[in-house]
1. Could you tell me which of H69, G117, A55 has its Cα farthest along the dipole of the chain towards the positive end, charges placed at Cβ (Lys, Arg +1; Asp, Glu -1), taken about the Cα centre?
2. Could you work out [θ]222 nm for the chain from helices alone, using -39500 (n - 2.57) per DSSP H run of at least four and dividing by all its residues? Round to the nearest 500 deg cm²/dmol.
3. What order, most packed first, do the peptides 170-176, 208-214, 399-405 have when packing is the mean number of other Cβ atoms within 10 Å of each residue?
4. So, with +1 on the Cβ of K and R and -1 on the Cβ of D and E, and no other charges, what is the size of the charge dipole of the chain about its Cα centre, to the nearest 20 debye?
5. Report, by chain and number, residues whose modeled amide H sits under 5 Å from the one on G196, excluding near sequence neighbours (fewer than 5 apart, same chain).
6. What Kirkwood radius, in Å to one decimal, follows from the Cα pairs of region 310-363?
7. Of K61/K220; K232/K273; K2/K294; K121/K220; K2/K395, which ones are farther than 31 Å apart at the Cα?
8. Based on DSSP H assignment, which helices of the chain show an axial Cα extent of at least 24 Å together with a mean Kyte-Doolittle hydropathy greater than or equal to 0.0?
Amino acid sequence: MKKPLKIATIGGGSSYTPEIVAGFISRYQDVPIKELWLVDIEAGREKLEIVGALARRMVEKAGVPMQIHLTMDREEALKDADFVTTQLRVGLLDARIQDERIPLSHGAIGQETNGFGGFMKALRTIPVVLEIAKEMERLCPNAWLINFSNPSSMVTEAVHRHSSIKCIGLCNVPIGMQRSVGEVIGDEDFFIHFLGMNHYVWGKHIYHQGREITQEILPKIIEHESTKSVVKNLKPIVWNKEFVQQLGMLPCPYHRYYYMQDDILHEELESFKDGKTRAEVVRGVEEALFEIYKNPELNEKPAELEQRGGAHYSDAACGLIRAIYTNSQEIMVVNMPNNGTIGILPDDAIIETSAMITSFGPVSLKASPLPAPAQAEILLMKTFERLTIEAAVKKDYNIAIQALTINPLTKHGAMTRVIFNELLQAHKPHLSGWQI
Ligand code: G6P
C-alpha cells in the first residue's frame with residue numbers, strides 16, 4: 001500500500017482549477033490524494049476562495065475523502081508534497097493583454113505563447129518557477145513538478161538546467177490532436193508518434209490497425225481541422241494541402257503562426273481593432289466562469305469551462321500523475337530532456353514527444369529523424385528558447401535582443417527593439433532585476 005498523496009497546485013485560484021479537481025476525483029481509486037493544497041498570491045485571494053469552495057463541493061458530491069486546503073502560504077503547501085502542479089500566470093490576465101496588444105499595435109503578431117507574447121511570458125514566469133523549484137529543493141526535494149505554466153517548454157527547461165527538481169512539462173495540444181485524428185479515423189485503435197517542441201510539435205507518424213497511414217490520412221485530417229478547431233483558443237486552420245502532404249507530418253495548430261504567419265497576422269489585427277484579442281475574450285469568459293462558480297448549488301465542473309483553450313488539461317496533468325504513481329508504463333506526450341531523441345538538438349534541450357511513463361519518469365521512444373526543413377526549424381526555435389531562458393535568468397537585455405532577432409515572429413529590424421522596450425516598460429512591476 002503506497003502512502004496517500006499530498007498535492008500542491010500553484011495558481012490554485014485559476015479558472016482551470018475545477019478541471020484539475022475533476023481529474024483527481026475521477027482517478028481517485030488509482031491515486032488516493034489525501035490533501036490537495038490550492039495556493040495563490042494575495043491578489044488572487046478572492047478567486048481562490050470562490051474556486052476553492054467549488055472544489056470542496058465537488059469533492060463532497062463525489063464522496064471522496066480528499067481534503068481541500070486553500071492558502072497564500074506557498075511553503076506550507078509545498079512542505080512534504082509528493083507532486084506540485086503549476087498553472088500560474090505572473091501579472092494575471094492584464095499582463096497577457098499587454099503581451100498581445102503591444103506587438104499588434106506595431107503590426108507584429110501578439111500571441112500568448114509564441115512571438116513577443118510567449119517571450120515576455122517566459123521572462124516573467126521563469127524566475128518565479130525557479131523560485132518555486134528552489135523552495136521545493138528545501139521542502140519536498142523528491143516531489144515531481146508537473147509544469148503547465150506557459151511557455152511550457154521554456155519553463156520546464158529552465159527548471160531542468162537550474163535546479164535539481166524532477167520536472168515534466170505538459171500541454172493539452174497533443175490531446176486535442178489525438179481527439180481530432182480519432183474523429184477522422186472513427187475508432188481508437190491508432191497511435192500518433194509525436195516529435196518536436198511545445199507548440200511546435202508534429203504528429204510524425206500515425207499508425208492504424210498495424211500499419212502506417214500518415215500520408216493517406218493527412219488530407220482527411222486537414223479537411224477536418226478546417227472546420228473544427230483542435231483547441232478552443234485557435235480558429236480552425238485552412239492548411240494548404242500540398243504543403244502539408246509535402247511536409248509528410250501532421251502539424252500542430254500553433255504551427256500556423258510559423259507556416260502561415262502573414263495570414264494569422266491579418267486575422268489578429270482584425271481582432272485587435274475590435275478590442276477582441278484572445279486575452280480580451282478570455283477576460284470575459286473568466287468573469288462569466290467565476291459568476292458560475294459562485295453558485296452554491298454547483299458541485300461539478302461546468303460545461304462552460306470548455307470555452308478555454310486548456311480544456312481537458314486534467315487528462316494530461318492528472319493522467320501523468322497517475323502514470324507515475326502507479327508506474328503504469330503507458331505512453332503519453334510530455335516535455336522532457338531530449339537525450340538524443342532529436343539528433344540535431346543538445347541532450348539537455350527539452351522536447352515534446354511520446355514517452356513511456358514510469359515511476360522513475362518518462363522514457364522517450366526512439367524516433368526516425370525529422371525531415372531536413374523541420375530539423376532546421378527546430379534548431380532555430382530551440383536556440384531562440386535557450387537564449388530566452390538565459391535572458392530570463394541573467395536578466396540580460398542583449399541576450400534578449402539576440403533571441404528576438406532569430407525568431408521569425410519577432411524579427412522586425414529596428415522595430416524589434418521598439419516593441420521590446422515598450423513591453424519591458426509595461427511589465428516593469430513583474431520584471432524585478434531588469435534595468436528598465
Ligand atoms: C491551449 C494551449 C495552452 C494555452 C491555452 C490558452 O490549449 O495548449 O498552452 O494556455 O490554450 O487558452 P485560453 O483560453 O487562455 O486562450
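Read-outs: derived from the displayed coordinates by stated rules, not from any lab. Note that this is a predicted model, so its numbers are computed, not measured. Every residue, glycine as well, gets a Cβ built from its backbone with ideal geometry; the counts of neighbours run over all protein chains shown.
1. Selected residue: H69.
2. Working: 16 runs with 208 residues, N = 436.
Calculated from helices alone, the mean residue ellipticity at 222 nm is -15000 deg cm²/dmol.
3. 170-176, 399-405, 208-214
4. Numbers: 46 positive and 54 negative charges, 133 e Å.
That gives a dipole near 640 debye.
5. HN-HN under 5 Å from G196: W202, E352.
6. Details: mean 1/r = 0.0860 Å⁻¹.
This gives a value of 11.6 Å.
7. On the way: K61/K220 42 Å; K232/K273 21 Å; K2/K294 36 Å; K121/K220 35 Å; K2/K395 43 Å.
Checking Cα-Cα distances, K61/K220; K2/K294; K121/K220; K2/K395 exceed 31 Å.
8. Details: long enough: 45-62 (25 Å, -0.24); 115-139 (35 Å, 0.44); 372-394 (33 Å, 0.39).
Sorted by number, the helices that extend far enough and score high enough are 115-139, 372-394.
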